[in-house]
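Novice: Encoded as C-alpha coordinates, here's the structure I'll be asking about.
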Amino acid sequence: MSSIIQFEDIFVVNKVDPVGKKFDKVSRIEARSQNCDMFMQLDVNTEIYPLGVDDKFTMALAHTLNLDGTPDTGYYTPGWKSLADKYEYVMHGKLYKITDDASGGGLKAELYVSYGGLLMLLRGEASHVSHFELDQRLFLLTRKL
(Lines give C-alpha, C1' and ligand atoms only; values in the text may rest on other atoms or scores of the structure.)
Protein backbone atom coordinates (compact mmCIF):
# COMPACT_ATOMS: atom_id res chain seq x y z
CA MET A 1 0.00 0.00 0.00
CA SER A 2 2.89 2.38 0.66
CA SER A 3 3.76 2.41 -3.04
CA ILE A 4 0.22 3.59 -3.82
CA ILE A 5 0.39 6.49 -1.37
CA GLN A 6 3.11 8.88 -2.54
CA PHE A 7 2.80 11.37 0.32
CA GLU A 8 0.98 11.27 3.65
CA ASP A 9 1.08 13.45 6.74
CA ILE A 10 -1.08 14.94 9.48
CA PHE A 11 -2.00 18.59 8.96
CA VAL A 12 -3.40 21.25 11.29
CA VAL A 13 -5.49 24.08 9.81
CA ASN A 14 -3.95 27.48 10.65
CA LYS A 15 -6.18 29.78 8.59
CA VAL A 16 -9.45 29.61 6.65
CA ASP A 17 -9.97 32.06 3.77
CA PRO A 18 -6.88 34.16 4.66
CA VAL A 19 -7.61 36.78 1.96
CA GLY A 20 -11.38 36.68 2.31
CA LYS A 21 -14.12 34.36 1.11
CA LYS A 22 -14.48 34.26 -2.68
CA PHE A 23 -17.11 31.53 -3.14
CA ASP A 24 -20.12 30.42 -1.08
CA LYS A 25 -19.33 26.70 -0.99
CA VAL A 26 -15.52 26.73 -1.18
CA SER A 27 -12.92 27.85 1.35
CA ARG A 28 -9.16 28.06 1.00
CA ILE A 29 -7.38 26.63 4.00
CA GLU A 30 -3.77 27.04 5.04
CA ALA A 31 -2.31 24.17 7.02
CA ARG A 32 1.05 22.89 8.23
CA SER A 33 2.04 19.26 8.51
CA GLN A 34 3.30 17.79 11.76
CA ASN A 35 5.91 15.29 10.55
CA CYS A 36 7.38 16.72 7.34
CA ASP A 37 6.88 20.44 8.12
CA MET A 38 5.08 21.01 4.80
CA PHE A 39 2.88 24.05 4.11
CA MET A 40 -0.36 23.51 2.21
CA GLN A 41 -3.00 25.78 0.71
CA LEU A 42 -6.06 23.80 -0.32
CA ASP A 43 -9.45 24.73 -1.74
CA VAL A 44 -12.12 22.61 -0.06
CA ASN A 45 -15.83 22.26 -0.80
CA THR A 46 -16.90 23.21 2.72
CA GLU A 47 -20.55 22.49 2.00
CA ILE A 48 -19.77 18.77 2.01
CA TYR A 49 -16.52 18.77 4.05
CA PRO A 50 -16.28 21.69 6.49
CA LEU A 51 -12.87 22.48 7.98
CA GLY A 52 -12.09 25.11 10.60
CA VAL A 53 -9.07 26.62 12.33
CA ASP A 54 -7.23 24.08 14.53
CA ASP A 55 -8.91 21.10 12.82
CA LYS A 56 -6.47 18.19 12.45
CA PHE A 57 -6.64 15.84 9.48
CA THR A 58 -4.56 13.31 7.63
CA MET A 59 -3.91 14.01 3.96
CA ALA A 60 -2.58 11.52 1.43
CA LEU A 61 -1.66 11.84 -2.24
CA ALA A 62 -1.99 8.67 -4.32
CA HIS A 63 -1.69 7.82 -8.01
CA THR A 64 -4.57 5.30 -7.89
CA LEU A 65 -7.41 4.22 -5.62
CA ASN A 66 -6.95 0.53 -6.49
CA LEU A 67 -5.59 -1.39 -3.53
CA ASP A 68 -3.47 -3.55 -5.85
CA GLY A 69 -1.76 -0.47 -7.33
CA THR A 70 -3.13 -0.87 -10.86
CA PRO A 71 -4.10 2.33 -12.69
CA ASP A 72 -7.55 3.71 -12.05
CA THR A 73 -10.07 3.10 -14.87
CA GLY A 74 -12.36 6.02 -14.03
CA TYR A 75 -15.41 3.76 -13.84
CA TYR A 76 -17.47 3.11 -10.71
CA THR A 77 -17.93 -0.55 -9.83
CA PRO A 78 -20.47 -1.32 -7.08
CA GLY A 79 -18.99 -3.33 -4.23
CA TRP A 80 -15.43 -2.49 -5.26
CA LYS A 81 -13.10 -1.87 -2.30
CA SER A 82 -10.68 1.02 -2.73
CA LEU A 83 -8.28 3.27 -0.89
CA ALA A 84 -11.06 5.88 -0.74
CA ASP A 85 -12.99 3.68 1.73
CA LYS A 86 -10.48 4.70 4.42
CA TYR A 87 -10.99 8.45 3.90
CA GLU A 88 -13.85 10.98 4.13
CA TYR A 89 -13.08 13.41 1.30
CA VAL A 90 -11.45 12.52 -2.03
CA MET A 91 -10.56 14.65 -5.06
CA HIS A 92 -8.93 13.70 -8.36
CA GLY A 93 -6.70 16.13 -10.23
CA LYS A 94 -3.59 16.88 -12.19
CA LEU A 95 -0.19 18.16 -11.08
CA TYR A 96 0.33 21.14 -13.36
CA LYS A 97 3.41 22.91 -11.93
CA ILE A 98 6.53 21.99 -9.94
CA THR A 99 9.04 24.59 -8.77
CA ASP A 100 12.36 24.33 -6.91
CA ASP A 101 13.96 27.02 -4.76
CA ALA A 102 17.46 26.73 -3.29
CA SER A 103 17.55 30.20 -1.69
CA GLY A 104 17.62 30.44 2.08
CA GLY A 105 19.50 27.18 2.60
CA GLY A 106 18.07 23.78 1.76
CA LEU A 107 16.22 22.85 -1.38
CA LYS A 108 12.51 23.64 -1.23
CA ALA A 109 9.91 22.52 -3.74
CA GLU A 110 6.34 23.48 -4.54
CA LEU A 111 3.68 21.28 -6.11
CA TYR A 112 0.60 22.82 -7.71
CA VAL A 113 -2.37 20.54 -8.35
CA SER A 114 -5.77 21.40 -9.82
CA TYR A 115 -8.72 19.29 -8.74
CA GLY A 116 -11.27 20.46 -11.28
CA GLY A 117 -10.59 24.09 -10.40
CA LEU A 118 -10.06 23.54 -6.67
CA LEU A 119 -6.37 24.20 -6.20
CA MET A 120 -3.67 22.83 -3.93
CA LEU A 121 -0.19 24.18 -3.20
CA LEU A 122 2.14 21.92 -1.24
CA ARG A 123 5.48 23.49 -0.24
CA GLY A 124 8.40 22.08 1.70
CA GLU A 125 11.62 20.12 1.52
CA ALA A 126 12.21 18.78 -1.97
CA SER A 127 13.07 15.33 -0.62
CA HIS A 128 9.44 14.80 0.39
CA VAL A 129 8.07 15.54 -3.09
CA SER A 130 10.93 14.72 -5.47
CA HIS A 131 9.20 11.60 -6.85
CA PHE A 132 6.22 13.53 -8.29
CA GLU A 133 6.09 14.27 -12.03
CA LEU A 134 4.56 17.06 -14.06
CA ASP A 135 1.13 16.20 -15.55
CA GLN A 136 0.76 13.31 -13.10
CA ARG A 137 -2.81 12.41 -12.09
CA LEU A 138 -3.26 12.46 -8.31
CA PHE A 139 -5.94 11.60 -5.81
CA LEU A 140 -6.09 13.73 -2.66
CA LEU A 141 -7.57 11.83 0.28
CA THR A 142 -8.39 13.40 3.66
CA ARG A 143 -9.81 12.20 6.96
CA LYS A 144 -10.34 14.28 10.10
CA LEU A 145 -8.62 13.10 13.27
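The values are calculated or read from the model by the stated rules, or taken from the named source; none is laboratory data. For clarity, every value in this text was computed on a predicted model and none was experimentally measured. Virtual Cβ from ideal backbone geometry, glycine too; neighbours counted across all protein chains shown. Remember, those area values only see protein heavy atoms, side chains included, never the ligands or the DNA or RNA. Shrake-Rupley method; radii C 1.70, N 1.55, O 1.52, S 1.80 Å.
Novice: In the list Ile10, Ile29, Ile4, which residue meets the criterion of being at pLDDT 90 or above, closer than 26 Å to Glu125 by Cα and either open to solvent by less than 30 Å² (accessible area, probe 1.4 Å) or of a type in the set (Phe, Trp, Tyr) (or both)?
Specialist: Step by step, each of Ile10, Ile29, Ile4 is checked, and only Ile29 is at pLDDT 90 or above, closer than 26 Å to Glu125 by Cα and either open to solvent by less than 30 Å² (accessible area, probe 1.4 Å) or of a type in the set (Phe, Trp, Tyr) (or both).
Novice: Moving on. Do any strands (runs of 3 or more DSSP E) entirely within the stretch 50-145 hold 1 or more residues that are more than 25 Å from Pro18 (Cα to Cα), and if so, which? Walk me through it before giving the result.
Specialist: Working: elements: 56-62, 89-101, 108-115, 118-125, 137-144.
Where strands (runs of 3 or more DSSP E) fall fully within the stretch 50-145 and carry at least 1 residues being more than 25 Å from Pro18 (Cα to Cα), they are 56-62, 137-144.
Novice: Could I ask something else about it? Would you mind stating whether Gln6 is touching a residue at least 60 places away in the same chain (Cβ under 8 Å) and touching a His at 6+ places or on another chain (Cβ under 7 Å)?
Specialist: Answer is yes for this residue.
Novice: Within the set of pairs 6+ apart or on separate chains, which have a first residue in the stretch 30-44 that is part of a loop (DSSP other than H, G, I, E, B), a second that is open to solvent by 30 Å² or more (accessible area, probe 1.4 Å) and among the hydrophobic types (A, V, I, L, M, F, W, C), and C-beta atoms under 7 Å apart?
Specialist: What qualifies is Gln34/Ile10; Gln34/Val12; Asn35/Ile10.
Novice: Those residues that are open to solvent by 90 Å² or more (accessible area, probe 1.4 Å) and under 22 Å from Phe7 (Cβ atoms), I need them from the stretch 32-74; list them, please.
Specialist: Arg32, Gln34, Asn35, Asp37, Asp68, Pro71
Novice: Scan the stretch 88-116 residue by residue and report those that are surrounded by fewer than 14 Cβ atoms within 10 Å (Cβ to Cβ) and free of Cβ contacts under 8 Å to residues at least 24 places away in the same chain.
Specialist: Of everything in the stretch 88-116, those that are surrounded by fewer than 14 Cβ atoms within 10 Å (Cβ to Cβ) and free of Cβ contacts under 8 Å to residues at least 24 places away in the same chain turn out to be Thr99, Asp101, Ala102, Ser103, Gly104, Gly105, Gly106, Leu107.
Novice: Would you be able to tell me the number of residues in the stretch 5-53 that are in contact with a strand residue (DSSP E or B) (Cβ under 9 Å, 6 or more places away or on another chain) and either of a type in the set (A, V, I, L, M, F, W, C) or on the phi > 0 side of the Ramachandran plot (or both)?
Specialist: Number of matching residues: 23.
Novice: Just the residues that are within 21 Å of Leu122 (Cα to Cα) and either exposed (fewer than 13 other Cβ atoms within 10 Å of the Cβ) or in contact with a Cys (Cβ under 9 Å, 6 or more places away or on another chain) (or both), please, taken from the stretch 75-87.
Specialist: Listed by number, the list is empty, since nothing qualifies.
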